[in-house]
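The values are calculated or read from the model by the stated rules, or taken from the named source; none is laboratory data. From a predicted model like this one, the values you see are computed outputs, not experimental measurements. Here the Cβ positions follow ideal geometry from the backbone for every residue, glycine too, while neighbour counts run over all protein chains shown. We work out accessible area using only protein heavy atoms, side chains counted, and drop any ligands, DNA or RNA first. Shrake-Rupley method; radii C 1.70, N 1.55, O 1.52, S 1.80 Å.
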Amino acid sequence: MADKLHFELVSPARLLKSAEVDMVVVPGTEGDFGVMPLHAPVVSTLRTGIIEVHDAGDVEKLLVVGGFAEVNPAGLTILAETALPLAEVDKAHFEAELKDLQEDVQDAKDADEKARAEKARDRVVSILDVLNREAA
Amino acid sequence: MANLKDLRNRIASVTSTQKITKAMKMVSASKLKRAQEAAEAARPYAERMENVLSSLASSMKGQAGGPALLAGTGSDQRHLVVVATSERGLCGGFNTNIVKAAKAKIHSLVRDGKDVTIVTIGKKGRAVLRREFANKMIEHFDLSHVKNLRFDDATPISAWLIEKYEAGEFDVCTLFFAKFVNVLTQEVTPLQLIPASINEESGTDLGDASYEYEPDEKDILEELLPRNIAVQLFRALLENAASEQGSRMTAMDNATRNAGEMIDSLRTTYNRSRQAVITNELIEIISGAEAL
């Protein structure tokens, strides 16, 4: 199947998507890259961003937070930490989480706890960033 | 011979026990279904992860100075055995089998002169192991508050393992858990978590091409390896949960059947002795009447 790309998106909890598609745009740590059939083998880490799945003129968007992408002759595999179809993303949920985490950062008793809380906060901030950019 | 009232009481108590075991069987049957689905849903991720790792590992082969999580510390003197069991009892041979396999391994390691430390997940295995190896147990993870296991429940455990490994407290880490085969069969499996056990066969053959890495090989491996440990652990815990429910279901099914047999035999005894009492009374009345 040289004219279609075999694409798989898996998160630890389940296999989210397995399909033959035309092209996938992947948010790599060093920049977005499009993967089409017969792409050269690549392994890349992901940043928080949007995966765009192009197939037969349609574009499906999925939010992905961290993980890996592997391209090999068999196709593209994305191992995401968290992944959700953009339509199912509940922005209010993340906003509430951000508020919680900001409080956590303020309430942190020692440096260790603070660093952990800040890391969790930054993660949510990056998610909201992506969502805002997408909505704009 | 036991008197009639005693027999009646026993029948009543066995009947209520049977009701309990029957209910437990149904509960674990429905829980099993969910646990099994979760375990099966987690398989693709773990498998793909293994594929990616194998591809990476085979392309890294021959290069010196790979990350310690992959290459090991160069020694296998100090072993850490992680034993994952359930939080609840009454599940047949489930915990016993895991503990038995772990014990055999620990004994053989000790015989070979290795240093062994033990970490337990789940309190059932901990209680048994503590009797024999109290001085070797260094940590216990309690998952009794967890209803539906999520990936976030496995990450603290894997983070702890990696931290201890990087602090140089052990060289090899093996995880014992029961792999879910089907409702009747659970297979106790030892899985080497650190250094990562890589199946060279499962990687995709690239032919002449080789991977490009973004950012670079080392960074990716450094992120991927800890992640792999968390994923393998998560998967093992899910398998364990499914096995536990399967094992409990079978055990409770047997218990229900045994209770049924017991009730039958008690009822026969009860009816016989009731008849004997009646016959006795009749004989007394008749012989009393004859004596007049």
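When chain A is modelled as a GNM with alpha-carbon springs shorter than 10 Å, which of A:GLU81, A:GLU113, A:GLU97 fluctuates the most?
Result for chain A, Cα springs under 10 Å: A:GLU113 fluctuates most.
With the contact rule set at Cα under 8 Å and sequence spacing of 6 or more, what percent relative contact order holds for the range A:90-135?
The normalised contact order for the range A:90-135 reaches 45 percent.
Would you list the P(r) distribution for the range A:5-87, with all Cα-Cα distances sorted into 10 Å bins from 0 and each bin expressed as a whole %?
Histogram of Cα-Cα distances, whole percents per bin: 20, 61, 19, 0.
Treating the Cα atoms of the range A:41-136 as identical point scatterers in vacuum, please give the log10 of the normalised Debye intensity I(q)/I(0) at q = 0.21 Å⁻¹, two decimals.
Treating every Cα as an identical point scatterer, log10 I(q)/I(0) equals -1.07.
Write down the Å³ per residue value for the convex hull defined by the alpha carbon atoms of the range B:154-194.
Given the Cα convex hull of the range B:154-194, per-residue volume reads 63 Å³.
Kindly report the accessible area of the range A:5-87 per residue (heavy atoms of protein chains, probe 1.4 Å, no ligands, DNA or RNA), in Å².
Accessible area per residue, the range A:5-87: 35 Å².
Which of the residues in the range A:76-121 show a loss of at least 50 Å² in accessible area from their chain by itself to the complete set of protein chains, at a probe of 1.4 Å?
Output list: A:LEU79.
Using every alpha carbon pair in the range A:90-135, what percent of pairs falls into each 10 Å bin from 0 up to the bin containing the largest distance?
Calculated over all Cα pairs of the range A:90-135, the distribution is 30, 48, 19, 3 percent.
Compute the relative contact order of the range B:1-129 as a whole-number percentage, counting only Cα pairs closer than 8 Å that sit 6 or more residues apart in sequence.
Computed value for the range B:1-129: 24 percent relative contact order.
Roughly how many percent of the accessible protein surface of chain B is carbon and sulfur, given a 1.4 Å probe and a whole-percent answer?
That fraction is 51 percent.
List, by residue number, every residue in the range A:37-53 with a reduction of 10 Å² or greater in accessible area between the chain on its own and the complete protein assembly, 1.4 Å probe.
A:ALA40, A:PRO41, A:VAL42, A:VAL43, A:SER44, A:THR45
Just need the relative contact order of chain B here, percent rounded to a whole number, with Cα pairs under 8 Å and 6+ apart.
Once divided by the residue count of chain B, the mean separation gives 33 percent.
Per residue, how many Å² of accessible area does the range A:90-135 show with a 1.4 Å probe?
The answer is 71 Å² per residue.
Taking every residue in B:141-147, how many Cβ atoms of other protein chains lie within 10 Å of its Cβ, on average?
0
Give the calculated FRET efficiency between A:ASP104 and B:ARG8 to the nearest 0.05, with a Förster radius of 51 Å applied to their Cβ-Cβ distance.
Computed FRET efficiency for A:ASP104 and B:ARG8 comes out at 0.25.
List, largest first, the extents of the alpha carbons of the range B:209-292 along their principal axes, each in whole Å.
Ordered largest first, the range B:209-292 gives principal extents of 114, 22, 9 Å.
Over chain B, what per residue volume does the convex hull of the Cα atoms give, in whole Å³?
Taking only Cα atoms, chain B has a hull volume of 163 Å³ per residue.
Show me you know the interface measure: the accessible area buried between B and A, both chains summed, probe 1.4 Å, in Å² to the nearest 100.
When B and A are taken together, about 2200 Å² of accessible area is lost.
Where the accessible area of the range A:5-87 is counted over protein heavy atoms with a 1.4 Å probe, how much of it, in %, is carbon and sulfur?
For the range A:5-87, the apolar C and S fraction of the accessible surface comes to 54 percent.
Give the long-range amide H neighbours of B:VAL188: residues separated by 5 or more places, or on another chain, with amide H under 5 Å away, using H modelled in the peptide plane at 1.01 Å from N.
B:LYS179
Please compute the alpha carbon radius of gyration of the range B:116-205, then divide it by the globular-protein estimate 2.2 N^0.38 Å. Two decimals is fine.
1.25
Rounded to whole Å and ordered largest first, report the semi-axes of the equivalent ellipsoid of the protein assembly as shown derived from its Cα gyration tensor (root of 5λ).
55, 27, 22
Which percentage, to the nearest 5, of the DSSP beta bridges contained in the range B:42-250 is antiparallel?
Once the DSSP bridges in the range B:42-250 are tallied, antiparallel ones form about 35 percent.
Residues of the range B:41-55 losing 20 Å² or more of accessible area relative to the isolated chain, 1.4 Å probe, heavy atoms only?
Residues meeting the cut-off: B:ALA41, B:PRO44, B:TYR45, B:ARG48, B:VAL52.
Just to check, using Stokes-Einstein with a Kirkwood Rh over alpha carbon pairs, what's the diffusion coefficient of the range B:27-163 at 4 °C and 1.567 mPa s in µm²/s?
Roughly 74 µm²/s, to the nearest whole number.
Give the accessible surface of chain B per residue, rounded to a whole number of Å², with probe radius 1.4 Å and ligands, DNA and RNA excluded.
Averaged over the residues of chain B, the accessible area is 53 Å².
Using a simple spin-label model with points 7 Å from Cα along the Cα→Cβ vector, what separation in nm is obtained for B:VAL146 and B:ALA159?
The modelled label-to-label distance comes out at 1.4 nm.
Using a cut-off of 12 Å between beta-carbons, work out the net charge of the residues near A:VAL26 (Lys and Arg +1, Asp and Glu -1, A:VAL26 not included).
Summing Lys and Arg as +1 and Asp and Glu as -1 gives -4.
State the percentage of accessible surface on the range A:90-135 attributable to carbon and sulfur atoms; use a 1.4 Å probe and exclude ligands, DNA and RNA.
45
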